[in-house]
Amino acid sequence: MSAAHDLAKNYDFYPQLSIKGTRQPAADEMLCGAILKLQQAFVPPVLPFDWVGAVNYEFKEIKQLGLTSKGSVVLNPRYITEWTVVHELAHAWDAANDWLISDIMRKETHSGFFCRWLHFRFRERKLFWYHVGSPPAPCGVDKNFNAKEDFAESVTAYLFSEEARRRASKRGFAYETNGYTNFHDTPRGQFIHSLFRNG
């Protein structure tokens, strides 16, 4: 019996996924497990998202851990983790909705760039990094952080809240500084919670 057949038994959406590239069987398992985690986060749990089967998945050795555009998720099989897979799936969810979810979250959390052109001109200067209007950010902020990354990290932090808290503390952005101990209680956590409750 093939590994694909075993996966199909455990994940009924697996046969409809378009997956290319060389990888270990565990990579497919991780992708399917991440999809299932997202499904089960909804209350009540939902059937596979419409966009899940419409996305082309590819495992490919790239510089990044993952890359997502509308209809495409590329994952680096060498460094694959559940965190990375969920993060890229969150981007795919956002992309399937024309990036509107991240834009709504940006507005609801009063976040964004004070002056976008200054950010691009002086990317190394923290002063011009993405402003987290309702802190804390899921795991901190860096020069690459923006509304899309904020949303993807927030979805991931919601599913892996203990890991998110650990990462935030390690990077010097402890939740406790803003009066929180769990990501679920933060403004971003509440936004993601409402998505999972109300679609």
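The values are calculated or read from the model by the stated rules, or taken from the named source; none is laboratory data. As the structure is a computational prediction, the values presented were derived from the model and not from experiment. Counting neighbours? That spans all protein chains shown, and the Cβs are built from the backbone with ideal geometry, glycine included. Side chains included, ligands, DNA and RNA excluded: accessible areas come from the protein's heavy atoms. Shrake-Rupley method; radii C 1.70, N 1.55, O 1.52, S 1.80 Å.
Restricting to region 171-186, count the residues that are within 25 Å of residue 95 (Cα to Cα) and open to solvent by 60 Å² or more (accessible area, probe 1.4 Å).
1
State yes or no: is residue 110 in contact with a Gly (Cβ under 6 Å, 6 or more places away or on another chain) and either open to solvent by 10 Å² or more (accessible area, probe 1.4 Å) or assigned to a helix (DSSP H, G or I) (or both)? So that I can check it myself, show each step before the final result.
Working: in contact with a Gly (Cβ under 6 Å, 6 or more places away or on another chain): yes; either open to solvent by 10 Å² or more (accessible area, probe 1.4 Å) or assigned to a helix (DSSP H, G or I) (or both): yes.
Yes, satisfied.
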Legend entry - Lone qualifier among 152, 157, 147, 168 - being surrounded by 22 or more Cβ atoms within 10 Å (Cβ to Cβ), closer than 24 Å to residue 57 by Cα and without any contact (Cβ under 8 Å) to a residue 60 or more places away in the chain: 157
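Return the residues of region 27-45 that are open to solvent by 30 Å² or more (accessible area, probe 1.4 Å), without any contact (Cβ under 8 Å) to a residue 40 or more places away in the chain and of a type outside the set (Asp, Glu); say none if nothing qualifies. Break it down into steps so the answer makes sense when it comes.
Residues of region 27-45 open to solvent by 30 Å² or more (accessible area, probe 1.4 Å): 29-30, 36-37, 40, 43-45.
If we keep only those that are without any contact (Cβ under 8 Å) to a residue 40 or more places away in the chain as well, we get 29, 36, 40, 44-45.
36, 40, 44, 45 - these are the residues of region 27-45 that are open to solvent by 30 Å² or more (accessible area, probe 1.4 Å), without any contact (Cβ under 8 Å) to a residue 40 or more places away in the chain and of a type outside the set (Asp, Glu).
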Inset, instruction - Say whether the condition of being of a type outside the set (D, E, K, R) and at pLDDT below 95 is met by at least one residue in region 147-167. - result: no
Inset, instruction - Tally the residues that are buried (at least 18 other Cβ atoms within 10 Å of the Cβ), within 17 Å of residue 159 (Cβ to Cβ) and in contact with a Ser or Thr (Cβ under 9 Å, 6 or more places away or on another chain), restricting the search to region 57-74. - result: 1
Inset, instruction - Name the residue, out of 106, 123, 116, that is basic (Lys, Arg) and at pLDDT 95 or above. - result: 106
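Let's see how each residue does on (1) open to solvent by 70 Å² or more (accessible area, probe 1.4 Å); (2) without any contact (Cβ under 8 Å) to a residue 24 or more places away in the chain; (3) in contact with a Leu (Cβ under 8 Å, 6 or more places away or on another chain):
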{"position": "93", "(1), (2), (3)": "no, no, yes"}
{"position": "96", "(1), (2), (3)": "no, no, no"}
{"position": "106", "(1), (2), (3)": "no, no, no"}
{"position": "115", "(1), (2), (3)": "no, yes, no"}
{"position": "121", "(1), (2), (3)": "yes, yes, no"}
{"position": "128", "(1), (2), (3)": "no, yes, yes"}
{"position": "132", "(1), (2), (3)": "no, yes, no"}
{"position": "135", "(1), (2), (3)": "no, no, no"}
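Would you confirm, using the coordinates I've provided, whether residue 54 is open to solvent by less than 30 Å² (accessible area, probe 1.4 Å) and touching a residue at least 40 places away in the same chain (Cβ under 8 Å)?
Numbers: open to solvent by less than 30 Å² (accessible area, probe 1.4 Å): no; touching a residue at least 40 places away in the same chain (Cβ under 8 Å): yes.
No; evaluated as a whole, the condition is false for this residue.
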